[in-house]
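S.K.: Structure below; questions to follow.
The values are calculated or read from the model by the stated rules, or taken from the named source; none is laboratory data. Predicted model, so just to flag it, every value in this text is computed and none were measured. With ideal geometry, Cβ positions are generated from the backbone for all residues, glycine too; neighbour counts draw on all protein chains shown.
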Amino acid sequence: MRNPIFFILFFLLLSTVSFSQNVGINADGSNPDPAAMLDIKSSDKGLLIPRVDFTALPVTPPAGLLVYVTTNGPDGDNAFYYYNGTQWTRFSTFAGLENFTESNYSYDSKTGVKLQADNIATNVDLVLQPKGSGALLARQPDGTYTGGNARGLMSVDLQLYANQPDMVASGNGSVISGGSLNKASGMSSTISGGYWNAATGLMSFIGAGGKNISSSDYSSVGGGYQNTASGNYSTVSGGYNSVAGNTYATVSGGYNNSATGISSTIL
């Protein structure tokens, strides 16, 4: 008579070898997929990932570790996080941009990427809304001239080129609508366009032109070249190399004009 213990040991050994290759967890007894180390199958149940307090996680976890953070998550709670070998990263809540169609295009030897609103409505607004006091930017700040320094709170900076890191909308509430090489460092200052302009005063304004300076509170330069509005509430409408250098001083235009008295005007 054959020893039954031998058969029991044989099947245990066979099972160990089989399960060392890959593991299947299911209710129908099917074999795991040979490409998977772990194959879980169910028609009415899911996989429950460990739910954790983020502060309880190890300081240096292995790359690829996956958890569901319920509290103290660095980018919000009740979300999946994975460790990429350097830092914890939260999974996006969706696989792609909803309500948009993404596509590439080529025209006249140029290639671009297009995001088009895709909604059941005929006419669809497009909103780009920063969170909290965040800024709206066309370049990512990096501390170099390529991306520039940090922008001001609730600022808008749409210029695409600068050669110094401080050529940005750094004032809180400041706006650079376009152009290049411009600097809006005053609070609520505005530069509409042009190049190498600097609006440094509170609520100062430069419309266009080049190398213009609006350096005092509520001062403005409409355009032209190398004009300066350095008095509070002063204005240079245009022209070349003109200065409105005192409170309420005004230069309408022309060449090499200088209004230096209080409320002085050069037409």
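S.K.: Might you let me know whether the stretch 100-109 holds any residue that is part of a loop (DSSP other than H, G, I, E, B) and either under 22 Å from the mean Cα position of the chain (by Cα) or hydrophobic (A, V, I, L, M, F, W, C) (or both)? Can you show your working first?
M.R.: Going residue by residue through the stretch 100-109, those that are part of a loop (DSSP other than H, G, I, E, B) are 108-109.
With the extra rule that they be either under 22 Å from the mean Cα position of the chain (by Cα) or hydrophobic (A, V, I, L, M, F, W, C) (or both), the set shrinks to none.
No - not one qualifying residue is present in the stretch 100-109.
S.K.: Follow-up question, since we're still on this one. Kindly indicate which of Thr101, Thr122 is modelled with pLDDT of 85 or more and β-branched (Val, Ile, Thr).
M.R.: Values: Thr101 fails: modelled with pLDDT of 85 or more.
Just one listed residue meets the conditions, Thr122.
S.K.: Given the options Gly223, Gly254, Gly231, name the one that is more than 36 Å from the chain's Cα centre (by Cα) and within 30 Å of Ala135 (Cβ to Cβ). I'd like the intermediate steps shown before the answer.
M.R.: Working: Gly223 fails: more than 36 Å from the chain's Cα centre (by Cα); Gly254 fails: within 30 Å of Ala135 (Cβ to Cβ).
After applying the criteria, what remains is Gly231.
S.K.: Turning to a different aspect of this structure: Do you know which of the residues in the stretch 234-267 that are among the aliphatic types (A, V, I, L, M) and in a loop (DSSP other than H, G, I, E, B) is surrounded by the fewest Cβ atoms within 10 Å (Cβ to Cβ)? Reasoning before the result, please.
M.R.: Of the residues in the stretch 234-267, the ones among the aliphatic types (A, V, I, L, M) are 236, 243-244, 249, 251, 259, 262, 266-267.
After this cut, where a residue has to be in a loop (DSSP other than H, G, I, E, B) as well, the list is 249, 262, 267.
Values: Ala249: 26, Ile262: 11, Leu267: 9.
Restricting to residues being among the aliphatic types (A, V, I, L, M) and in a loop (DSSP other than H, G, I, E, B), the top hit is Leu267.
S.K.: A further question follows. Pull out all pairs, ordered by first then second residue, where Cβ-Cβ is under 9 Å, the residues are six or more apart or on different chains, the first lies in the stretch 173-192 and is buried (at least 24 other Cβ atoms within 10 Å of the Cβ), and the second is hydroxyl-bearing (Ser, Thr, Tyr) and part of a strand (DSSP E or B).
M.R.: Ser174/Thr190; Ile176/Thr190; Asn182/Tyr195; Ala184/Thr190; Gly186/Ser214; Ser189/Ser214; Ile191/Ser214
S.K.: If Pro165 passes every condition in (1) touching a Phe, Trp or Tyr at 6+ places or on another chain (Cβ under 9 Å); (2) part of a loop (DSSP other than H, G, I, E, B); (3) under 30 Å from Asn104 (Cα atoms) but one, which one does it miss?
M.R.: Tallying (1) touching a Phe, Trp or Tyr at 6+ places or on another chain (Cβ under 9 Å); (2) part of a loop (DSSP other than H, G, I, E, B); (3) under 30 Å from Asn104 (Cα atoms), Pro165 fails exactly one: (3).
Matching residues to (1) under 30 Å from Gly210 (Cα atoms); (2) touching a strand residue (DSSP E or B) at 6+ places or on another chain (Cβ under 7 Å); (3) touching a residue at least 12 places away in the same chain (Cβ under 8 Å):
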site	(1), (2), (3)
Gly73	no, yes, yes
Ala79	no, yes, yes
Tyr82	no, yes, yes
Thr89	no, yes, no
Ser106	no, no, no
Ala117	no, yes, yes
Asp125	no, no, no
Leu137	yes, yes, yes
Gly171	yes, yes, yes
